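For reference, the structure discussed in these notes is given below.
Taken together, the values in this text are just the output of simple stated rules run on the coordinates, not laboratory data. These numbers were taken from a predicted model, which means no experiment stands behind them. Here the Cβ is made from the backbone with ideal geometry for all residues, glycine too, and neighbour counts use every protein chain on show.
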Amino acid sequence: MATQHSRSAARIMMAPAVFLLLVWMLVPLCMTLWFSVRSYLPLRGGDQGFVGLENFSRFITSSAFWPAVQTTLIIVGGVLVISIVLGVLLAILLDQPMWGQGVVRILVIAPFFVMPTVTALVWKNMFMDPTNGMFAHLWRFFGADPVVWLTDASVLSIIVIVSWQWLPFATLILLTAIQSLDSEQLEAAEMDGANPVARFFFIALPHLSRAITIVILIQTIFVLAVFAEIFVTTGGAFGTRTLTYLIYQRVLESQNVGLGSAGGVYAIILANIVAIFLMRIVGKNLDN
Amino acid sequence: MTKTFGALLGATALCAIASSAAADAHATTITIATVNNGDMIRMQGYTDVFTEETGIAVEWVTLEENVLRQRVTTDITTNGGQFDIMTIGMYETPIWGANGWLVPLDGLSEEYNVDDILPAMRGGLSHDGTLYAAPFYGESSMVMYRTDLMEAAGLEMPAAPTWEFIREAAAAMTNRDADINGICLRGKPGWGEGGAFITAMSNSFGARWFDMDWNAQFDTQPWLDTLTFYNDMMQESGPAGFATNGFNENLSLFQQGLCGMWIDATVAASFVTNPNDSTVADSVGFALAPDNGLGRRSNWLWAWALAIPAGTQQQDAALQFIEWATSTSYIDLVAENEGWANVPPGARTSLYENPNYIEVPFAQMTLDSILSADPTNPTVDPVPYVGIQFAAIPEFAGIATEVSQEFSAFYAGQQTVEEALANAQAITNEAMEAAGYR
Amino acid sequence: MARAVTTQRKALNTAIAWSIGLLIFFPILWTILTSFKTEAEAIANPPVFLFFDWTLENYAVVQERSNYMRFLTNSVILAGVSTILGILIAVPAAWSMAFVPSKRTKDILLWMLSTKMLPAVGVLYPIYLLCIQLGVLDNRLALIVILMLINLPIIVWMLYTYFREIPGEILEAARMDGASLKDEILYVLTPMAIPGIASTLLLNFILAWNEAFWTLNLTSVNAAPLTAFIASYSSPEGLFFAKLSAASTMAIAPILIMGWFSQKQLVRGLTFGAVK
């Protein structure tokens, strides 16, 4: 169907977006690469000259590097698991007939509207605070000692906070997918005597696989970049230092832009490894 | 719905263009970056007075301390020119001044009386004898304690306590059933939070950050003693989750009556004795920060000060504002409206000679604490750096934040004291090597 | 279809869904409630839910301290204009990818997404220096462009998936009738794609509204949106839960209200091509 004419028209129409993104990718990327091979120390007057791959070796041999990679993967994985499992269940629940469906939907998706800084401040101060937080009150009510969330369960706390933020997104996408599920197919299965669990695993879940892929893909990109939630709550202490946060510490706390840029290059590599890995596992769902 | 939405956005876009054009027509406006501390917020409230007097309009960029540091450091090192006045501390001022990034404050007027600034503050905000920032308020640290709880424990606070006494008193005042913690101290990671406290404390234990050749000293006995003592005392008598408590968290606990003692910034005295915010306002006593008989106390020295970045276009207006905000007449203005206890403390000698102010319960102890702090000679053994709770080198903030994270992980029980110190040693030496000191 | 649903079953569903919904919404609700308390009531033990002396004092304090309207206006402008601009650029790109696909279409889409993988903080200094060179620090237009670029991949992706659901035969038919490319887009595609465009608009408005790194670091006064507003209320001195709640409520209220009125759009449209 596509003629030569429409092909070239298509190229022209794609050009602005592709060009802009190319610039937006190349300019920072080239700058990162440039700074990563230089000793750039703002507090010592800026550029101190070419240092080869020293920043790269220093960044990767730092004792903080591998734990940061591990923390990053745990947080991304944790958030994905929680938001997808709960997201599927919530989506199924919201698809059921009920009174006030619209209001419930709003309640469920509301966390997505809250800016990350506010989310982190609210959770840290009003829920996880060991003296005045809601959880502390709850624990004391049941006669237990309040948990000091941000030190004793620091990574879990971050996962909970980020999941709360991203669960609505997963739920929304999964809900639209579930709504398109052919109800006749379900009814037929029901007639055949398939129990609800079997219906879920053999009909609903395969139908959702594409939606789940999308959720994984998009959330991974956003969760890899999580920053405010850590900055506000633990400041990277207690084992919550992700790769992004480590780069922040190098660039802004240690004021070593060269070292931080080398870290940025590693972060791009890690993100791409994760992306390729995801594509291998779930990529076929994107084809049709 | 989409149509209305789009129309709305289009309308606001037009407003935006119109309003930005209108803003240019304004007279002199200066932009001030500041921290969201109580005294600064109060100053913002009096901006109108300044504008009325001088015709200079003021725009405030008020940020939380960590974000503020990040913003002003980025701007000053790149000469971004976003701010005409920056609120910075005793750590940044000498470093930035030495780099030529700040306008020297040598054009201050006669009536401003620069010699009235407390010598310790003036020294800490100067480089090579030139003043680069004017102190808005200055502080040391001291013990704040509940007189009622101390009495109930059958103890009496000496004017200059030792760490042993503090620990015993803390244990005696602790009542876990009533949620009373004998002592509240900073444990929060961050060089300006728990890092500042433990560094100042370590001075009284004979510890130091570096030897004269810039080798990290975390493998020495005094550091082990400091951390062990701190952690043992806090586990016995401190609040739950003290490893995440900083100044604000402890202030809030103390105001709620949940702390027997609190060793922190002297400016906190006006907050804990203010009956509007504090439930324990009428039963707070003060004492010097504790020592260990080694000749150094554990109090620090700090000032929040106003400085003019070299890139500003509004140097004169900025200087005018600084003169106004750090003058004695500003102090009088606040005293008149909100009482002497609420004036910005610790910056001027004349304030402590004022008979009205010296009646304020914490005034004398604040002055004594400030006078007993010596940033040029902070430790028992000699050190190559200046600064009590910090070392005034550009790399310190980054290193000390990571080191304090290791310490906080120890307080939280995630690693042993030996691991924490070994990590601190490695981090510090690694960074000092990268910076070319070793 | 009309599957028979008993009232009991519906009541059960309603009960479960409402409890879970309220649980998820609770942190927001609690923030809003706390914003009407005094500082002392905000930390009362046990916590008080509704029976406290409702006060607007915190809002007055916040309003007095910061120029809320300016932050709000900036947020609306930055999020709104960057989203609209993004859509204007993305529609043609997504159209051509959907209707004139080539072997590389999928690669281009994934590449676009991958531009989001560079950690922002790593390029803060370079971008800051660039902005100084161009003289666009604290400039709305610069931030609009940056926010647009950050969200462009998501916008293209979303639009692409909607356009693909539009059957090609309709286009063929239009073309037979002699419609030009412009007519095709304007009169055939656009009406069919409106729900998709609407939800793309909403999602990206939310993402741009909540972007907190560039909007905080590249602004001071003139272009500072609500993300900068909230940065002056985190961890001040003394008791602050109630004032923090008031500031938080003011920062999220506009977008929550917008979300409330547009949730149908969002729910219907947010598919990312997940539905076939």
Practice task
Would you please calculate the Kirkwood hydrodynamic radius of the protein assembly as shown over all C-alpha pairs and express it in Å, rounded to one decimal?
Solution key: 30.1 Å
Completion exercise
Across all Cα atoms of chain C, Rg and the largest Cα-Cα distance (Dmax), in Å, are 23.2, 74
Handout entry: Estimated distance in nm for a label pair at B:Leu155 and B:Val114, the labels positioned 7 Å out from Cα along Cα-to-Cβ
Key = 4.6 nm
Fill in the blank from the handout: Protection proxy (average C-beta count within 10 Å per residue), highest first, orders A:208-220, C:151-163, C:105-117 as C:151-163, A:208-220, C:105-117
Problem - Angstrom value of the Kirkwood radius, inverse mean 1/r, which spans all Cα pairs in the range B:55-166 - result: 17.4 Å
Exercise for the section: Enter the Cα centre distance for the pair the range B:277-323 and the range C:170-227, rounded to the nearest angstrom. Expected result: 51 Å
Handout entry: Label-point separation, C:Lys106 to C:Asp183 (7 Å along Cα→Cβ), nm
Key = 3.6 nm
Completion exercise
Per its Cα gyration tensor (rounded if a/c is under 1.5, else prolate when a/b beats b/c, else oblate), the range A:1-92 is best filed as oblate
Fill in the blank from the handout: Rounded to the nearest 500, the 222 nm mean residue ellipticity computed for chain A from DSSP H runs (n ≥ 4, each -39500 (n - 2.57)) alone is -22000 deg cm²/dmol
Handout entry: Segment C:Thr55-C:Thr38, extension gain: residue separation times 0.36 nm, minus the distance between their alpha carbons
Key = 5.4 nm
Exercise for the section: Would you give the gap between the C-alpha center of the range A:62-111 and the C-alpha center of the range A:221-264, rounded to a whole Å? Expected result: 23 Å
Problem - Between helix B:194-204 and chain B: long-axis angle, C-alpha atoms, 0 to 90°, nearest 10 - result: 50 degrees
Handout entry: Listed residue (C:Thr215, A:Leu181, B:Ser327) projecting farthest to the positive dipole end of the protein assembly as shown, Cβ model
Key = A:Leu181
Practice task
With a cut-off of 13 Å, note down the residues of the range B:341-357 whose backbone N falls inside the zone around a label point 7 Å from the Cα of B:Val49 toward its beta carbon.
Solution key: B:342-344
Problem - DSSP bridge orientation in the protein assembly as shown - percent antiparallel, rounded to nearest 5 - result: 70 percent
Problem - Summed residue charge, Cβ within 12 Å of B:Ser140's Cβ, Lys/Arg positive, Asp/Glu negative - result: -3
Exercise for the section: Just tell me the longest site-free run in chain B, where the sites are GluC sites (Glu not before Pro) in a DSSP loop having at most 14 other beta-carbon atoms within 10 Å. Expected result: B:157-358
Completion exercise
Where a ≥ b ≥ c are root eigenvalues of the Cα gyration tensor, a/c under 1.5 meaning rounded, otherwise prolate if a/b exceeds b/c and oblate otherwise, the range B:213-349 counts as oblate
Practice task
Using only the alpha carbons, work out the radius of gyration and Dmax of the range B:129-274 in angstrom.
Solution key: 16.2, 55
Exercise for the section: Determine the calculated [θ] at 222 nm for chain C from helices alone, applying -39500 (n - 2.57) to every DSSP H run no shorter than 4 residues and normalising by the residue count; nearest 500 deg cm²/dmol. Expected result: -22500 deg cm²/dmol
Handout entry: Rg in Å to one decimal, and Dmax rounded to a whole Å, for chain A via C-alpha atoms
Key = 23.4, 77
Problem - Lysine pair count for the protein assembly as shown [Cα-Cα under 27 Å; pairs on different chains or 8 or more apart] - result: 20
Practice task
Sum -39500 (n - 2.57) across every DSSP H segment of at least 4 residues in chain B, then divide by the residue count to get the 222 nm mean residue ellipticity, nearest 500.
Solution key: -13500 deg cm²/dmol
Fill in the blank from the handout: FRET efficiency (B:Tyr437, A:Asp47; Cβ distance; R0 25 Å; to 0.05) is 0.80
Exercise for the section: Would you work out the charge dipole size for chain C about its Cα centre, treating the Cβ of every Lys and Arg as +1 and the Cβ of every Asp and Glu as -1, and quote it to the nearest 20 debye? Expected result: 740 debye
Problem - Total charge dipole magnitude, chain B, about the Cα centre, Cβ charges on Lys, Arg, Asp, Glu only, Debye to nearest 20 - result: 760 debye
Exercise for the section: Among C:Thr190, B:Ala160, C:Leu152, flag the residue with its Cα farthest along the positive direction of the charge dipole of the protein assembly as shown, charges on Cβ as +1 for Lys/Arg and -1 for Asp/Glu. Expected result: C:Thr190
Practice task
Please give the net charge around A:Met98, taking every other residue with its beta carbon less than 13 angstrom from that of A:Met98, where Lys and Arg add +1 and Asp and Glu add -1.
Solution key: +2
Problem - Gaussian network model of chain A, springs between alpha carbon atoms under 10 Å - residue of A:Leu26, A:Leu205, A:Leu175 with greatest fluctuation - result: A:Leu26
Exercise for the section: Compare C:Ser102, C:Ser82, C:Ser234 in a GNM of chain C, Cα atoms joined below 10 Å, and give the one with the largest fluctuation. Expected result: C:Ser102
Problem - Gyration tensor verdict on the range C:152-233 (Cα atoms; rounded if a/c is under 1.5, prolate if a/b is larger than b/c, oblate otherwise) - result: prolate
Practice task
Measure nothing but the geometry: give the 0 to 90° angle between the long axis through the Cα atoms of B:328-338 and the longest principal axis through the Cα atoms of chain B, rounded to 10°.
Solution key: 80 degrees
Practice task
Tell me the label-point distance for the pair C:Lys10, A:Met134, using the 7 Å Cα-to-Cβ offset, in nm and rounded to one decimal.
Solution key: 3.1 nm
Practice task
Compute the FRET efficiency between B:Asp282 and A:Ala15 as 1/(1 + (r/R0)^6), taking r as their Cβ-Cβ distance and R0 = 60 Å, and round to the nearest 0.05.
Solution key: 0.25
Handout entry: Charge dipole magnitude, Cβ of K and R +1, D and E -1 - the protein assembly as shown, Cα centre, debye nearest 20
Key = 5060 debye
Practice task
For an R0 of 41 angstrom, estimate the FRET efficiency from the Cβ-Cβ distance between B:Thr29 and A:Ile60 and round to the nearest 0.05.
Solution key: 0.30
